[in-house]
Amino acid sequence: MDLEVRARIQTKEHGNKSLHWTHQYAELARVVNPTAESKTAQRDVKDVQLIELLPSEDVLQSLKKTWSILISRVLWKYIGVLKDFKDVVIYHIPHEYSKEMAQKSHMVI
């Protein structure tokens, strides 16, 4: 939160104040992926071809599946005629770390 407290009568000891309150905490990682912790480049930029940056067929299929779940949620919520399909809407997109992420977070002090 950022607050600006203005003094009605200002003196040397009592003036305007700018308050900045923050809340910070650390959370222990439930899933550690060693491939995501790379400090060096996998390849030089000059060796990368632009065609390699385009999504593969597998990535496109994954996006299509995820978007269909998200779109079904939006359609069910905002289009009254589709309210009867409430029971078949998927509310959680399953992924390979679903089991680990279902666990409670561990706060690290």
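With respect to the stated conditions, Ser56 is farther than 29 Å from Ala26 by Cβ and either at pLDDT below 90 or among the hydroxyl-bearing types (Ser, Thr, Tyr) (or both). Taking residues in segment 22-41 that are under 19 Å from His95 (Cβ atoms), and partners anywhere that are among the small types (Gly, Ala, Ser), the pairs with Cβ atoms closer than 7 Å and at least 6 places apart or on different chains are Glu27/Ser105. Residue count for segment 18-63 satisfying the condition of being surrounded by fewer than 10 Cβ atoms within 10 Å (Cβ to Cβ), basic (Lys, Arg) and not in a helix (DSSP H, G or I): 2. For segment 69-109, a residue qualifies if it is assigned to a helix (DSSP H, G or I), among the hydroxyl-bearing types (Ser, Thr, Tyr) and under 18 Å from Asn33 (Cβ atoms), and exactly one does: Ser98. Checked against (1) free of Cβ contacts under 8 Å to residues at least 12 places away in the same chain; (2) farther than 30 Å from Ala29 by Cβ, Ser98 passes all but condition (2).
Here Val32 passes the criteria (1) of a type in the set (A, V, I, L, M, F, W, C); (2) more than 26 Å from Ser105 (Cα to Cα); (3) under 19 Å from the mean Cα position of the chain (by Cα) except the one numbered (2).
The values are calculated or read from the model by the stated rules, or taken from the named source; none is laboratory data. These numbers were taken from a predicted model, which means no experiment stands behind them. Neighbour counts run over all protein chains shown; Cβ positions are idealised from the backbone, glycine included.
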